[in-house]
Amino acid sequence: MTAMERFMLSNKIAVITGGAGFLGRKHAEAIIEAGGTAVLLDISEQAVDEAVRELSNQYSKEAVEGFKADITDRSCMEEIKQKLLDKHGHIDILINNAANNPKVEGNAKNMKNIQFENFPMEMWEDDLKVGLTGAVICTQVFGSVMAQVGRGVILNISSDLGIIAPDQRIYRKEGLAEEEQTVKPVTYSVIKHGLIGLTKYTATYWAKQGVRANALCPAGVFNGQDEVFLEKLTNLVPMGRMADKDEYKSTIVYMVSDASSYMTGSIVIVDGGRTCW
Ligand SMILES: NC(=O)c1ccc[n+]([C@@H]2O[C@H](COP(=O)([O-])OP(=O)(O)OC[C@H]3O[C@@H](n4cnc5c(N)ncnc54)[C@H](O)[C@@H]3O)[C@@H](O)[C@H]2O)c1
């Protein structure tokens with residue numbers, strides 16, 4: 001196989017959690033462009049239907065499948081696993097990408113109730129349930145299929161905030177009293193660091209069974225954030241800009257394909273240099 005052929009994902013079935021979200025769809029494009037089939041799992045039925053329709057039009061009907069699914073529901077994951085095995089006979093890739101993503105930057109509505117001192121335990125449990133418990137359940141269900149056949153790849157989507165603490169100064173808003181200020185929620189840090197722990201655990205646990213597990217740490221992706229926030233954030237990034245939404249696709253292909261066949265337990269940071277500063 002040539003070096004370039006190792007990037008190909010022909011006949012690979014890739015499950016993407018939160019696959020109908022902003023970056024999930026981009027992960028799907030990456031899988032499809034490399035020749036694989038993207039299976040989108042998302043709790044939002046409308047978003048799944050729309051994503052499947054758009055990706056089918058953009059590529060082909062065979063390249064994408066979608067399920068309205070709650071990744072925190074183990075029996076639902078087992079059902080989908082069985083459906084995929086009945087149809088394809090194998091599951092090759094899992095991308096743990098789903099998250100509750102409360103937006104706290106720019107013009108987001110006031111989120112003062114998520115300041116650490118009073119962070120609601122309901123939100124703590126709900127965020128961890130999706131971001132960590134859901135990832136563990138999917139890893140158990142889909143990863144076990146891979147371990148049984150001796151081959152597979154798991155990619156956990158962490159964040160630059162899985163490496164460093166959020167710089168809360170960039171979420172502050174001029175003119176608001178201290179108790180009104182918005183912060184990046186504690187759950188974001190805990191989940192993104194936790195996914196790195198899950199990555200190292202599963203990478204070593206299943207190393208001999210041929211299942212690789214790695215984590216990708218993307219930094220902020222441009223999605224129409226307002227100018228004030230953009231300036232504060234990009235001042236923290238040596239390259240001076242946010243990522244473009246298409247800029248992770250080639251890293252995704254590398255990390256889930258045989259191009260990275262000797263990589264496991266690795267934490268790949270793609271952040272315009274932010275974590276160097
Ligand atoms: N967008 C960024 O700038 C950025 C930067 C670094 C890391 N990330 C990480 O990338 C991942 C994707 O981010 P995004 O910006 O696309 O977010 P997003 O909110 O657009 O997508 C998340 C998706 O997860 C789905 N989801 C939530 N709970 C679920 C559940 N219980 N079961 C199934 N699906 C569920 C949502 O419906 C949504 O479609 C997240 O893990 C995020 O933390 C994003």
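The values are calculated or read from the model by the stated rules, or taken from the named source; none is laboratory data. Since we're looking at a predicted model, the values are computed, not measured. Backbone-built Cβ (ideal geometry, glycine too); neighbour counts: all protein chains shown. The accessibility values were calculated without ligands, DNA or RNA, using every heavy atom of the protein model including side chains. Shrake-Rupley method; radii C 1.70, N 1.55, O 1.52, S 1.80 Å.
For the stretch 164-175, which residues satisfy the criterion of being within 13 Å of the ligand (Cβ to nearest atom) and either free of Cβ contacts under 8 Å to residues at least 40 places away in the same chain or open to solvent by 70 Å² or more (accessible area, probe 1.4 Å) (or both)? Within the stretch 164-175, just P166 meets the criteria. Residue count for the stretch 125-154 under the criterion of being free of Cβ contacts under 8 Å to residues at least 60 places away in the same chain and of a type in the set (G, A, S): the result is 1.
Can you confirm whether V153 is under 17 Å from L94 (Cβ atoms), in contact with a Lys or Arg (Cβ under 8 Å, 6 or more places away or on another chain) and part of a helix (DSSP H, G or I)? No: the conditions fail for V153. Specify the residue that is surrounded by the most Cβ atoms within 10 Å (Cβ to Cβ); the eligible residues are those in the stretch 238-277 that are among the polar types (S, T, N, Q) and more than 14 Å from the chain's Cα centre (by Cα). Taking the candidates together, the pick is S257.
Residues that are exposed (fewer than 15 other Cβ atoms within 10 Å of the Cβ) and away from the ligand (no atom under 14 Å from the Cβ) within the stretch 42-78 comprise R53, N57, Q58, S60, K61, E62, E78, listed in sequence order. Among the criteria (1) touching a strand residue (DSSP E or B) at 6+ places or on another chain (Cβ under 6 Å); (2) within 10 Å of the ligand (Cβ to nearest atom), the one I93 does not fulfil is (2).
In this structure, is M121 open to solvent by 70 Å² or more (accessible area, probe 1.4 Å) and aliphatic (A, V, I, L, M)? Yes, satisfied. Summed over the stretch 14-35, residues that are surrounded by fewer than 24 Cβ atoms within 10 Å (Cβ to Cβ) and under 14 Å from S257 (Cβ atoms) total 4.
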